[in-house]
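A.B. asks: Sharing a structure below in structure tokens format, with a few things to ask.
Quick note: the coordinates plus some simple rules give every number you see, no bench work behind them. This is a predicted model, so every value here is computed, not measured. So basically every Cβ, Gly included, is an ideal-geometry build from the backbone, and we count neighbours across all protein chains shown.
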Amino acid sequence: MALRTIVSRKTLAALGSGLRAEARLAASRGLVTFSLPDLPYDYGALEPAISAEIMQLHHQKHHQTYVTNYNKALEQLEDAMAKGDALAVVKLQSAIKFNGGGHINHSIFWKNLSPIREGGGEPPKGSLGWAIDTDLGSMEALVQRMNAEGAALQGSGWVWLGLDKDFKKLVVETTANQDPLVTKGANLVPLIGIDVWEHAYYLQYKNVKPDYLKNIWKVINWKYASEVYEKECH
Amino acid sequence: MGSFSLHASCLAKHNLPWSNGCSQNLNSLRIPALQQRGPGFLSRKASKILAFYGLKSPPYALDALEPYMSKRLLETHWGEHHHGYVEGLNKQLEKNDILYSYTLDELVKVTYNNGNPLPEFNNAAQVWNHDFFWESMQPGGGGMPELGLLQQIEKDFGSFTNFKEKFIEASLSLFGSGWVWLVLKRQEKRLEVVKTSNAVNPIAWDDIPLMSLDTWEHAYYQDYKHDRGKYVNAFMNHLVSWHVVTARIIRAEAFVNLGEPKIPVA
């Protein structure tokens, strides 16, 4: 269900405005292609927590590459399926998981952030706030735990605040590379994801990942997290 | 190969000669047998030496790889990341009465634990990996290998161009953080290009690495930002030291027979 919201209306609009011939062909065959979602704020709006330079590279280069390669992998998958090439289908799975996961995760990430003047950093009120206190102790405990797990994560990955929708409990999880949160449990819904790939902070914080983690909480968009939580937990 | 100096503020493994410049950082040398003789045995003046691994300098100045790898990047990559792994490893070994006695090679293999790594693996392997990586590069590197090494590459990859393409393709298709290696496979007795994730290292399964490329983002982000392709090409064309690779494969041939001996016919 989350995937449908990622496919923007622009895909159809772009068809008429000179999209690449292959993409047009793919779309006309019924293959849904994905496109880079716009950020709901300027690149510089999250300063000084996250620099404009990082936001621009992260969005226009890294996320765009995931989208491009995801579309490519899906086209190849469609071909392989049409030809009944089981081996090719299986071989494509890692590219689909990586690039599709990258697109999914980053789409959530942009919504997880918002400028301070638009409420970024303001702690959640209402049911999510209570749930954090009940399930995880307190907001401070949550932040400390996510920062500790993010700092300890080796290599590339994400640290998540998720909702186990079967047990209606909040969980903190990490995933490696671009694995979405569902790879840790099919019943997990991501509320907040923090990108701890080096590209997410390197130009500004270099190797001092803990400083990045400390500062990102100033621009975390709890409004979005509360909306998702309330939708699942009405 | 270049000469390397021990970083002044760290000590080397205890079986290497002490460097005079290190005396200000002496902690107690933990020698279990001596400790058993009671607290009065070691003189009160004996300083506490806790020394396991040191931060080895790359065999060139930090600005020697410009413009392909900037001094600024090396200062962070070597001075912060690599240094951090060394300090982290030393801290872990302080608490471990068994692991501290291994050589770095042995430590990597033991802590890899056949794919179920112990907590010390990440630091140990990354220390090994970065030492190896700095030595795999040189100012004025790139170009082509020669003689026996080139012949072996042509035998196992078809051509040098083929090998180069495979290596670049592996670097670009490595998802996440990791390393790309030119490896001599011990069992198969052939060269291969191998990708590993995070800190994993082919010596863990007893293969012989000949050269490596760090594809963690910290290895290139300051110079190339997101453009890993440009970084890989700069490495292949201007940084990789085929001299070092030659020396390594010569040594490897003492352990792996790469061809039938040429027995002259009487």
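A.B. asks: Can you tell me the orientation of helix A:139-152 relative to chain A, as the angle in degrees between its alpha-carbon axis and the longest Cα principal axis, to the nearest 10?
C.D. replies: 50 degrees
A.B. asks: Less than 12 Å Cβ to Cβ from B:Y68, Lys/Arg counted +1 and Asp/Glu -1: what total charge do the surrounding residues give?
C.D. replies: On the way: positive: B:K71, B:K230; negative: B:D63, B:E66, B:D223.
After counting each charged neighbour, the total is -1.
A.B. asks: Based on Cβ point charges of +1 for Lys and Arg and -1 for Asp and Glu, what charge dipole magnitude is obtained for segment A:116-233 about its Cα centre, in debye rounded to the nearest 20? Don't skip to the answer; put the middle values down first.
C.D. replies: On the way: 13 positive and 16 negative charges, 39 e Å.
That gives segment A:116-233 a dipole magnitude of about 180 debye.
A.B. asks: In whole Hz, with x marking every Gly and Pro, tabulate ³J(HN,Hα) for segment B:212-220 from phi via Karplus 6.51 cos²θ - 1.76 cosθ + 1.60, θ = phi - 60°.
C.D. replies: 9, 10, 7, 10, 4, 4, 5, 6, 9
A.B. asks: Please average, across the residues of B:107-120, the number of beta carbons from any other chain that are within 10 Å of each residue's own beta carbon, and give a whole number. Let's see the in-between values first.
C.D. replies: Working: counts 0, 0, 0, 0, 0, 0, 0, 0, 0, 0, 1, 0, 0, 0.
Partner Cβ neighbours, averaged per residue: 0.
A.B. asks: Using the Cβ atoms and a cut-off under 12 Å, what net charge is assigned to the surroundings of B:R186, where Lys and Arg are +1 and Asp and Glu are -1? Please list the in-between numbers first.
C.D. replies: Numbers: positive: B:K185, B:K189, B:R190; negative: B:E188, B:E192, B:D206, B:D207, B:E253.
Neighbour charge sum, excluding B:R186 itself: -2.
A.B. asks: Note the full-extension length gain between A:D166 and A:K218 as 0.36 nm times their separation in residues minus their Cα-Cα distance, in nm to one decimal.
C.D. replies: Values: separation 52, 0.36 × 52 = 18.72 nm, distance 3.04 nm.
Gain in length upon complete extension: 15.7 nm.
A.B. asks: Under the classification rounded if a/c is under 1.5, otherwise prolate if a/b is larger than b/c and oblate if not, where does segment A:116-233 fall, given a ≥ b ≥ c as square roots of the Cα gyration tensor eigenvalues? Each step should come with its number before you reach the end.
C.D. replies: Details: a/c = 1.88, a/b = 1.30, b/c = 1.45.
Cα axes put segment A:116-233 in the oblate bin.
A.B. asks: Further question: Taking a cut-off of 24 Å between Cα atoms, list the lysines near A:K125, but don't count ones fewer than 8 places away on the same chain.
C.D. replies: Answer for A:K125, where 24 Å is the Cα cut-off: A:K111, A:K165, A:K168, A:K169, A:K214, A:K218, A:K223, A:K231, listed by chain and number.
A.B. asks: Could I ask something else about it? In deg cm²/dmol and to the nearest 500, what is the mean residue ellipticity at 222 nm of chain A if only DSSP H runs of at least 4 residues count, each as -39500 (n - 2.57), divided by the residue total? Mind showing how you got there, number by number?
C.D. replies: Numbers: 11 runs with 121 residues, N = 234.
Counting only the DSSP helices, I get -15500 deg cm²/dmol.
A.B. asks: Can you tell me how segment A:97-161 classifies by the Cα gyration tensor, rounded, prolate or oblate, using a/c under 1.5 as the rounded cut? Before the final figure, lay out the partial values.
C.D. replies: On the way: a/c = 2.03, a/b = 1.33, b/c = 1.53.
Oblate.
A.B. asks: Averaged across the residues of B:128-136, what count of C-beta atoms belonging to other chains lies within 10 Å of each residue's C-beta? It would help to have the intermediate numbers written out before the result.
C.D. replies: Working: counts 0, 0, 0, 0, 0, 0, 0, 0, 0.
Taking the mean over all residues of the peptide, I get 0.
A.B. asks: Ok, one more. Which whole number gives the average count of other chain Cβ atoms within 10 Å of the Cβ atoms across peptide A:147-156?
C.D. replies: 3
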